[in-house]
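Below is one structure, written out as structure tokens; the observations come after it.
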């Protein structure tokens, strides 16, 4: 809700309240003059004697009564029981109709209606502290319904016991039921209008808090809620609705509601003004006042409920109200320059608060118990004004917070954008440097690979020249051939790595390439059947590929050289299989050649080399040579 809308609603509310309230009070005053029981003949009064409580006794002893204006309003009336007498006759111009005999604030009233022949037509009970079941049908806590006939003599006897500590006010009024409804409907309409406005504001504040989660909304909600209960508790509908059997408890809660509302407003003051930060002195003082209010609320409740001394509680409340006025007046003056424009709306609402408390203090001091009929209406009016002003301040503050938040967010976004741009520039420079380093490293790797390839090719070519140029015998040439085979295995690994541009290569490609080269070098006619069985193809690292290629080269070379001498009858065959299991890899190499003796096994350079290479890649080898050679390699999942 926008502030200008709230101000408009506030003005309309004030105008409507003043209009309806003025009309209602004017009508009430006019009716009070015309309908008072003292308008034609005096209202008589006498104090009850403890041994006589029957209305017939006081009807028959008219000499006990004196006019009401002749009795002194002394302290005895605050505790004693009194009988009032009023005679109705032709001079009162009664017509046959239902009449309302009303009164204000009396706690216990017993009615006896006696006709002209001295017979009691009916007896009734009423009063603020009466249980609902004790009231007759149609009667209220502050009025009786009487069916009177025209031109008939009646005597009304009223037994009054007032137990609130105040001197009772005997303002009895007799009027027709229609006139009474006309008299009360104005006040009831204003109350209904005010209570409806309070309910609407409570709903608005609740939804506003759910949306914004702004804590001062909570204190305003409770302040308005408790004030609403306070003003409603001053009306008889509250008792009949919530405490029909314990009306005194309901009246005792009135002061509690008022004090809880005061605590809520003090907590709002702390929170909205941020007193803990801007003024430690007033922050501590506010906490002390809250503590005092709590003790006052407890004392007043116990005092009202158990002793019924509402007059004493009212004096304490007047003192507490004076403390409120002094506290807020000094608070506004002292902190005016330390707070922002939005926080000053709390001070504007405080003006209504101080004004309302001052008016209520005046009513409490001068009118005392008679002020109850005005307190409820005044409280509702001032609390609505206070709430509307507070809502304007909170709405403006939230709006300012949103604007500040957007500005800070934009500032943070701009700062982060600048930082991100700088980081991107640095990252771009680092990326350029990294690309340059990568190109340099690639160049170095290519150069190394090229030189390794050239050196291996040179060694391989030198071996070929030695075989062709010098005649050192078959054994010498076989040694050179073995060296060439090993060099070729390393050349193959290097070639595959360069081709893959990685530090890994496929095992199946490595094995097949090695087998094809060795067959071409040692068995170009393909007289030996070589079977290669690799179920799956996977990548192996450089650390594994070179030793593995050398192992296979050494095994195939030995088989080609020694396993199948001329004249062998069996069809020569070599089987190579590699199986990768879950936790290990098994390689089997076997031929169906002539085998070898243990002496050959222990002195063979090739077999020793195979064992060393196997240990290098963390494997184990088992050799069988009875019917050809059989090698079983177990690697711990290295390949």
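The values are calculated or read from the model by the stated rules, or taken from the named source; none is laboratory data. Quantities reported herein were computed from a predicted structural model and do not represent experimental measurements. Counting neighbours? That spans all protein chains shown, and the Cβs are built from the backbone with ideal geometry, glycine included.
Of the residues that sit in region 90-103 and are at pLDDT below 85 and not in a loop (DSSP other than H, G, I, E, B), which one is farthest from residue 370 (Cα to Cα)?
90
Does residue 334 satisfy the condition of being in a helix (DSSP H, G or I) and modelled with pLDDT under 85?
Working: in a helix (DSSP H, G or I): yes; modelled with pLDDT under 85: no.
Answer is no for this residue.
Which numbered condition in (1) over 53 Å from the mean Cα position of the chain (by Cα); (2) buried (at least 18 other Cβ atoms within 10 Å of the Cβ); (3) under 30 Å from residue 314 (Cα atoms) is the only one that residue 148 fails?
Just one mismatch for residue 148, condition (3).
Of everything in region 520-535, what is closer than 21 Å to residue 577 by Cβ and touching a helix residue (DSSP H, G or I) at 6+ places or on another chain (Cβ under 8 Å)? Give them in sequence order. Even if it seems obvious, please write down each step before you answer.
Initial filter on region 520-535 (closer than 21 Å to residue 577 by Cβ): 522-523, 526, 528-535.
Of everything in region 520-535, those that are closer than 21 Å to residue 577 by Cβ and touching a helix residue (DSSP H, G or I) at 6+ places or on another chain (Cβ under 8 Å) turn out to be 522, 523, 526, 528, 530, 532, 534.
Looking at region 104-210, what strands (runs of 3 or more DSSP E) fall wholly within it and have at least 3 residues that are assigned by TED's automatic domain parsing to the domain that holds residue 366 and at positive phi?
none
Select, from 376, 371, 349, 334, the only residue that is free of Cβ contacts under 8 Å to residues at least 12 places away in the same chain, surrounded by 11 or more Cβ atoms within 10 Å (Cβ to Cβ) and in the same structural domain as residue 271 (by TED's automatic domain parsing). Explain how you work it out, then say what you get.
Working: 376 fails: free of Cβ contacts under 8 Å to residues at least 12 places away in the same chain; 349 fails: free of Cβ contacts under 8 Å to residues at least 12 places away in the same chain; 334 fails: free of Cβ contacts under 8 Å to residues at least 12 places away in the same chain.
Unique residue meeting the criteria: 371.
Considering each of 579, 594, 621, 610 in turn, give the residue that is assigned by TED's automatic domain parsing to the domain that holds residue 520, surrounded by 15 or more Cβ atoms within 10 Å (Cβ to Cβ), part of a strand (DSSP E or B) and at pLDDT 80 or above.
Exactly one of 579, 594, 621, 610 is assigned by TED's automatic domain parsing to the domain that holds residue 520, surrounded by 15 or more Cβ atoms within 10 Å (Cβ to Cβ), part of a strand (DSSP E or B) and at pLDDT 80 or above, namely 621.
Consider only pairs whose beta carbons are under 7 Å apart and that are at least six residues apart or on different chains; among these, list those whose first residue lies in region 134-149 and is without any contact (Cβ under 8 Å) to a residue 40 or more places away in the chain and whose second residue is surrounded by fewer than 20 Cβ atoms within 10 Å (Cβ to Cβ) and assigned to a strand (DSSP E or B).
Final answer for the pair search is 134/125; 135/125; 136/124; 138/145; 139/124; 139/145.
Would you mind finding the one in 313, 279 that is within 31 Å of the chain's Cα centre (by Cα) and not assigned by TED's automatic domain parsing to the domain that holds residue 162?
Values: 313 fails: within 31 Å of the chain's Cα centre (by Cα).
None of the other options fit; the residue is 279.
In this structure, does residue 217 turn out to be more than 30 Å from residue 89 (Cα to Cα) and not assigned by TED's automatic domain parsing to the domain that holds residue 273?
no
With the structure loaded, tell me whether residue 108 is closer than 23 Å to residue 69 by Cα, modelled with pLDDT of 85 or more and within 60 Å of the chain's Cα centre (by Cα) or whether it fails that test.
Details: closer than 23 Å to residue 69 by Cα: yes; modelled with pLDDT of 85 or more: yes; within 60 Å of the chain's Cα centre (by Cα): yes.
Yes, satisfied.
Got a sec? Which of 75, 71 is under 60 Å from the mean Cα position of the chain (by Cα), at pLDDT below 90 and over 18 Å from residue 113 (Cβ atoms)?
Selected residue: 75, the only one of 75, 71 that is under 60 Å from the mean Cα position of the chain (by Cα), at pLDDT below 90 and over 18 Å from residue 113 (Cβ atoms).
Right, residue 282: modelled with pLDDT under 90, in contact with a helix residue (DSSP H, G or I) (Cβ under 7 Å, 6 or more places away or on another chain), within 30 Å of residue 388 (Cβ to Cβ) and in a helix (DSSP H, G or I) or not? Let's see the steps before the verdict.
Working: modelled with pLDDT under 90: no; in contact with a helix residue (DSSP H, G or I) (Cβ under 7 Å, 6 or more places away or on another chain): yes; within 30 Å of residue 388 (Cβ to Cβ): yes; in a helix (DSSP H, G or I): yes.
Criteria not met by residue 282.
Only one residue in 229, 243, 223 is crowded, with 18+ Cβ neighbours inside 10 Å and closer than 16 Å to residue 129 by Cβ. Which one?
Answer to the selection: 243.
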